[in-house]
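Worksheet: one structure, shown below.
The values are calculated or read from the model by the stated rules, or taken from the named source; none is laboratory data. Owing to the predicted nature of the structure, the values given are computational and were not obtained by experimental measurement. Here Cβ is always computed from backbone atoms with ideal geometry, including for glycine, and neighbour counts include all displayed protein chains. These accessible areas exclude ligands, DNA and RNA; they are computed on the full protein's heavy atoms, side chains included. Shrake-Rupley method; radii C 1.70, N 1.55, O 1.52, S 1.80 Å.
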Amino acid sequence: GHNPYRYSPQDILENEDEKIPRDLVQLAERSGHVVRSINHPWLKTIYPPAAQALFALSYFIKPWSMMAWRLVLLAVDGISVYLLWILLRALGLSASRIVVYWWNPLLVKEVYNSGHMDILLVPLLLGSLYLAVRQRPIAASALMGAGVGVKLWPVILMPLLWSRIMNSRKKMIFSAAVFMFLSAAMVAPFVAAGLDDTSGFKAYMGTWEMNDALYMVLFWGMEFVGSTLGMETTDAHVATRVLSAFILGAWILFLAARADGRPKDLSRSFLWVIAALFLLSPTEFPWYALWFLPLLSLHPQRSLLLLTVLLPLYYLRFYFNAKGMVWLHDDAIVWLEFVPVWCMLPWDWRKEEK
């Protein structure tokens with residue numbers, strides 16, 4: 001009965017003006033150590049409404065239980081595997097390719113060990129892709145709109161879907177209307193609560209940077225240019241984010257413009273766009289690789305498969321941080337994660353083009 005984007009954990013714990021609803025205070029008290037273990041407690045949640053609904057489902061199964069949450073993740077993972085299976089069949093590919101996704105150690109680590117929620121997006125992406133392959137663009141757009149309720153970024157995939165129906169004005173209008181309505185419904189609670197300095201979404205989009213490579217290089221360039229123009233570090237981050245978004249947007253338009261209408265072309269474009277989103281991001285956490293991991297079953301790319309092997313090097317950061325040597329990860333090991341991948345990417349792209 002409350003907007004989850006209105007209060008931060010710290011607001012509820014401190015309740016200085018005693019204006020926090022009593023049932024929220026009681027909920028925090030019942031959580032025990034959970035609410036006190038939240039990182040960045042001064043920020044309001046960043047997770048959109050559809051993700052919140054599945055968090056609530058886990059709580060309904062058993063309050064404050066990681067096992068209950070893992071059961072929810074297992075159910076979502078099972079749906080993902082089924083959708084991947086029917087996609088492989090629809091594209092005329094061997095079902096044995098499922099192992100590229102389901103037997104990948106990164107999936108096991110990030111979902112069943114760490115409990116990351118990014119897998120919640122996978123069945124919606126795969127379902128939307130399957131419906132698009134089956135020439136059902138309106139239903140595909142609806143699932144993608146629901147995907148915005150888990151993570152906001154699926155909006156970038158819509159040009160790829162819509163590029164296939166540009167010649168059908170009716171389908172285009174209905175698809176756009178359905179997607180925009182659902183997306184607006186998912187974003188509305190954020191807007192209603194306000195995007196002030198305690199908004200998790202605003203903080204994440206502003207200056208957060210972690211385990212990145214290409215973004216770091218772009219930021220160094222912007223910082224160098226900014227130093228001659230008197231820019232602050234925050235301004236350099238904003239400029240770098242704008243540049244990254246421009247590069248990503250150009251890449252999406254390029255792939256959408258060259259679409260040939262084949263189902264495999266659409267799924268391949270999905271992979272290359274999501275991979276570009278990840279590789280251009282200022283935050284390249286290992287669990288974000290779950291966004292494109294299932295698509296590697298459809299189009300195995302050696303560079304991106306290698307990335308799933310190298311990304312766990314990120315966890316060395318915690319060890320070196322405890323030893324007071326976090327710079328060793330941030331300035332050295334991070335390049336071991338990404339330089340080999342970037343070296344192989346052009347070769348993979350060239351091979352795909354043949």
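Observations
- Charge tally around PRO312: other residues with Cβ under 14 Å, Lys/Arg +1 each, Asp/Glu -1 each, net -1.
- For segment 108-244, convex hull volume per residue from C-alpha positions, Å³: 160 Å³
- Within segment 95-128, backbone nitrogen closer than 18 Å to the virtual label 7 Å beyond the Cα of TYR315 toward Cβ: 102-119
- Gyration tensor (Cα) of segment 258-348, equivalent ellipsoid semi-axes in angstrom: 30, 12, 10
- Residues whose placed amide H lies under 5 Å from that of MET210, excluding near-sequence neighbours: THR283, GLU284
- With each label modelled as a point 7 angstrom along the Cα→C-beta vector, the LEU74-ALA176 pair spans 4.5 nm.
- Taking all protein chains into account, the per residue accessible area for the chain stands at 50 Å² (1.4 Å probe).
- Semi-axis lengths, Å, segment 181-287, gyration tensor of Cα atoms, sqrt of 5 times eigenvalues: 28, 22, 13
- Multiplying the residue separation of ILE61 and ASP197 by 0.36 nm and subtracting their alpha-carbon distance yields 45.6 nm.
- Computed E for GLU18/ILE38 - FRET, C-beta separation, R0 35 angstrom, nearest 0.05: 0.95
- When the alpha carbon coordinates of segment 195-354 are projected onto the principal axes, the ranges are 48, 36, 31 Å, largest first.
- For the pair GLU352 and ALA257 in one chain, pulling the backbone fully straight at 0.36 nm per residue adds 32.5 nm over the alpha carbon distance.
- Net charge over other residues, Cβ less than 15 angstrom from the Cβ of ALA142 (K, R count +1; D, E count -1): +3
- The share of Cα pairs per 10 Å bin across segment 78-117, counted from zero up to the longest distance, runs 29, 47, 22, 2 percent.
- Helical runs assigned H by DSSP (4 residues or longer) give the chain a calculated mean residue ellipticity at 222 nm of -19500 deg cm²/dmol, each run adding -39500 (n - 2.57) before division by the residue total.
- Extension gain, TRP85 to ARG302, is 76.0 nm, computed as 0.36 nm per intervening residue step minus the present C-alpha separation.
- Projected label points at THR233 and ALA184, each 7 Å from Cα along the beta carbon direction, are separated by 4.1 nanometres.
- In nm, spacing of pseudo-spin labels at ASP265 and ALA250 (7 Å Cα→C-beta vector): 2.3 nm
- Take the Cα radius of gyration of segment 73-174 and divide it by 2.2 N^0.38 Å, N being the number of residues; the result is 1.15.
- Sequence-ordered 3J(HN,Hα) estimates for segment 127-136 from the Karplus curve with 6.51, -1.76 and 1.60 and θ = phi - 60° stand at x, 5, 5, 5, 5, 5, 4, 8, 6, 10 Hz, glycine and proline given as x.
- Atom-type composition of the exposed protein surface of the chain places 66 percent of the accessible area on carbon and sulfur (1.4 angstrom probe).
- Phi angles across segment 291-303 convert, under the Karplus curve 6.51 cos²θ - 1.76 cosθ + 1.60 with θ = phi - 60°, into 3J(HN,Hα) values of 4, 10, 4, x, 6, 6, 5, 7, 9, x, 10, 4, 5 Hz, Gly and Pro given as x.
- Charge dipole (segment 160-219, unit charges on Cβ, about Cα centre) - positive-most of SER175, TYR204, VAL217: SER175
- Close amide H pairs (under 5 Å, H built 1.01 Å from N) link LYS44 with SER199, GLY200, residues at least 5 positions away or on another chain.
- Overall form of segment 1-42 per C-alpha gyration tensor (a/c, 1.5; a/b vs b/c): rounded
- Restricting attention to the chain, the count of lysine pairs at 8 or more positions apart or across chains with alpha carbons under 20 Å apart stands at 6.
- Kirkwood hydrodynamic radius of the chain, from inverse mean 1/r over distinct Cα pairs, in Å: 21.9 Å
- Over segment 1-146, the hull volume per residue, using the convex hull of the C-alpha atoms, is 119 Å³.
- Backbone HN-Hα couplings from phi across segment 99-116 [Karplus 6.51/-1.76/1.60, Hz, Gly and Pro as x]: 4, 4, 8, 6, 9, 6, x, 4, 4, 4, 5, 6, 8, 8, 8, 7, x, 5
- Computed from Cα atoms alone, the Kirkwood hydrodynamic radius reported for segment 1-82 is 14.1 Å.
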